[in-house]
Every structure is written in structure tokens, then in C-alpha cells.
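The structure appears right after this line, and notes come after that.
The values are calculated or read from the model by the stated rules, or taken from the named source; none is laboratory data. These figures come from a predicted structure and were not determined experimentally. In this analysis, Cβ positions are derived from the backbone assuming ideal geometry, glycine residues included, and neighbour counts consider all displayed protein chains. Side chains included, ligands, DNA and RNA excluded: accessible areas come from the protein's heavy atoms. Shrake-Rupley method; radii C 1.70, N 1.55, O 1.52, S 1.80 Å.
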Amino acid sequence: MKIREITDRLYETGLFTAGERGIRELEALLTTQEEEELAYLREKARAVTNQIYGKEVYIRGLIEFTNYCKNNCIYCGIRRDNTNAQRYRLSKEQIMECCETGYALGFRTFVLQGGEDAYFTDDRVCGIVSDIKAKFSDCAVTLSIGEKSKESYQAYFDAGADRYLLRHETADEQHYRQLHPPEMSLENRKRCLYDLKEIGYQVGCGFMVGSPHQSFDTLYEDLNFIKELEPHMVGIGPFIPQKDTPFGGEKAGTLDRTLRLLSIIRLMNPHVLLPATTALGTIHPQGREMGIQAGANVVMPNLSPVEVRDKYKLYDNKICTGDEAAECRHCMSRRMESIGYRVVVARGDFIS
Ligand code: SAH
């Protein structure tokens, strides 16, 4: 199979061929060693991005506001059973301070991410969201706080939340069970994503690249699921082992495969908001720059207070844990300028 043909058809139809043949097409794109063919994939994905988003890169200020979590996801460093994690949660005042700092630095989207922490009841979450929206009315608020009931999602939305990130993690039932404890299910994860869409959020799904037991088959299912859901955002980054989890001894996902998948996702979903993630920056010093060059158009610098940064350890060796928000912000501008892109002061909504 010719890589160029597969690439062109992927863009034209938005899909791989159905069935076994499609899985082999995906495998071909993920394994070819022909540099020119690979460059074709990457450059086509970038050209598609440029047509829609130009050379502008959107920034999101990430506020990791709690690392308490009731869940026990096998891969995650803040899982319930990790007794080595030093738990913390930010107060509403601390969260508001992060937003103030962020606003002054040009952030117009705040992403509140955390474990599933019972302390943050719906009332507390709504209070935080509505305070942020009242004070920073030109900003978008994104929540990333896991699986909730439809009523809870509706309440956050009514309080002013604009977007919600909930990676589906894998669209394959068996693989899902290999990554999660028995009390969690792919069915519920998907239910959440569809509820969020129905309510009217801009929704993001996604997965880790190179998670244990991932295969061409499961990746093929991930890509098909993304097409089916039609999310506004897709977050992917390499799996990176965290030593205090059962997957502590597993291999990390690779830069190369993550970049190829970013390009593939862009070609299949031209308008999607696609971040070059911190995990990508963790496995390679220029990972995020390469992610942008492969078709990503969003970066998410950290706005969390420096005192708590190294406690939000989903995986080991996370970058930027010692830096102040301003340093991260300016570093990001420099990085994007170094490859001919520009970080913009804007909410950075989905362009349909
Ligand atoms: N509790 C929220 C936020 C989870 S953390 C939720 O359930 O959505 C955000 C993302 O980090 C997860 O969705 C997962 O894909 C990623 N992540 C967790 N552990 C990781 C690891 N070891 N390596 C790379 N990414 C990881």
C-alpha cells in the first residue's frame, strides 16, 4: 500500500477503509520508515491546519486544582491506592489568583483539571465556575474533572462552564478493562461524552499513545470513535509510566508514534482543536514544537501555583514543575516563534 494514497484518501473521506484492510492502512502509516512519505503525511496535516487556524496557536491555562481522586486507574499517578502521592487541593481563592495571574499573561481560557474529589461538590464547582465567569467574562472555562451524572454536567454548564475534557482513554472494551479497575466502564465513559455534547459543551475526548496493551486494532477503534463522537477537541499524548502505579515498569509511548497520530487525527478531523501536550514535551525537549508541526494547534502551559506543581504527578519526570506561570507563558511564546508560529490572546474557540 502506498502511504501517499492512504494519506490522500484519509483526508478526502475522513476515514480508513472499513474492517481489517483499514487496520492495515493505519499500521502502514504508523510504521513506514520512508522519510519522504512520512513528511508527506506531516506536511499535509499541517497544511490542513493552516487553512483553518493559520499560524496561530491557542493557549490554555491549566490549573491542577486537586489531586485527590476516588478512582484507581491503573496508569495514573494520582490513583486512589497511591499512598506515596502527597495530596493537595486549592481553595477557591487560590484558583482565582491563578486566573488573575493567567489573565494578565494573556490567557483567555482556564482549564480546571483534577482528580474525582468528593470535596468539590457540584455546589462548590458551580461556585468556582460562576466566580471565574463573573470576573473574567471574556474567558472560557474548561472543566476536566471526570465522570459525573448528566445533572451535574448540566449544573456546571448552567453556572457558565463552556468546555469539558474527558479522554475516552481507549474505545476498545477489553483494552479499557486492562487500563481500569472493574468498577469503571467504557460504557459510562462514552455516556458521559454524549451527555456533555447534548448539553452543549465544546467536548474533548482522547487517549494515551503507547498505553500498555494498545494495538493497531485498538487505535483503529479510537480513531473511529472520534469520528463517531465528532468532538471539538482531541487530547493525545504519550503514556509515561509513573513508578508508584502497577504500570510503573512499562515502556513509555514514543514521540514518533504520537506525532504520526496527531497528523492522522488532523486529517480525519480537520477543524478539531488539537493540543501538543505536556506529556509530549516531557518525552522530548522539542516535543511540543514538533507536535505543532505535525498538525496540533493548541498548547496548555501550567498555571498551577509552584508549591503544588510537583504533586500533580500523573506520570514521572513531568516538565516545568519548578517554573512560575509567567516563565511558562514566555517560554511557550519563544518556542512557538522559533518554528514560525504565534501564540494569540484569544479564547480560541472551535472554528466550524
Ligand atoms: N480525572 C480527570 C482528569 C484526568 S488526568 C478525568 O478523569 O478526566 C488527565 C489525563 O491524563 C487522563 O485522561 C489520562 O489520559 C492522562 N494520564 C494519566 N496518567 C497518565 C500517564 N501515566 N501518562 C500519560 N498520561 C496520563
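Indicate, rounded to the nearest 5 percent, the antiparallel portion of the DSSP beta bridges found entirely in region 3-344.
Beta bridges within region 3-344, antiparallel portion: roughly 5 percent.
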Alpha carbon centroid spacing (whole Å) that separates region 279-297 from region 89-154
26
Can you tell me the 0 to 90 degree angle between the C-alpha axis of helix 150-159 and the longest principal axis of the chain, rounded to 10?
70
Calculate how steeply helix 35-53 sits against the longest principal axis of the alpha-carbon atoms of the chain, using the helix alpha-carbon long axis, and give the answer as 0 to 90 degrees to the nearest 10.
50
For THR321 paired with ARG21, estimate the spin-label separation in nm (one decimal), with each label point 7 Å from Cα along the Cα-to-Cβ line.
4.9
Using the 4.7 Å Cβ rule, please list in number order the cysteines from the chain without any candidate partner.
CYS69, CYS98, CYS99, CYS126, CYS139, CYS192, CYS205, CYS320, CYS328, CYS331
How big is region 15-138 in terms of Cα radius of gyration and Dmax, in angstroms?
21.2, 54
Could you sort TYR315, TYR103, TYR176 by accessible area so the largest value comes first, with the probe set to 1.4 Å?
TYR103, TYR315, TYR176
Give me the Kirkwood hydrodynamic radius of the chain, using the inverse of the mean 1/r over all pairs of distinct Cα atoms, in Å to one decimal.
20.3
Amide N proximity, region 100-117 versus SER185 label position 7 Å along Cα-to-Cβ, cut-off under 14 Å
none
Listed residues PHE110, PHE136, PHE207; largest mean-square fluctuation, Gaussian network over the chain with Cα springs below 10 Å, found at PHE136
Which one, ILE199, ILE145, ILE132, has the greatest fluctuation when you compute a Gaussian network model over the chain with C-alpha springs under 10 angstrom?
ILE199
How large is ³J(HN,Hα) for each residue in region 200-212, as worked out from phi by the Karplus curve 6.51 cos²θ - 1.76 cosθ + 1.60 (θ = phi - 60°), to whole Hz, x for Gly and Pro?
x, 5, 7, 10, x, 10, x, 7, 8, 8, x, 5, x
Integer Hz, Karplus 6.51/-1.76/1.60 couplings in order for region 295-300, x for Gly and Pro:
x, 6, 9, 9, 10, 10
Comparing HIS284, HIS232, HIS180 in a Gaussian network model of the chain (Cα, 10 Å), the one with the largest mean-square fluctuation is HIS284
Convert each backbone phi in region 112-119 into a coupling constant with the Karplus relation 6.51 cos²θ - 1.76 cosθ + 1.60 (shift: θ = phi - 60°), then list the ³J(HN,Hα) values in order as whole Hz, x for Gly and Pro.
9, 10, x, x, 7, 10, 4, 4
Between helix 255-268 and the chain: long-axis angle, C-alpha atoms, 0 to 90°, nearest 10:
80
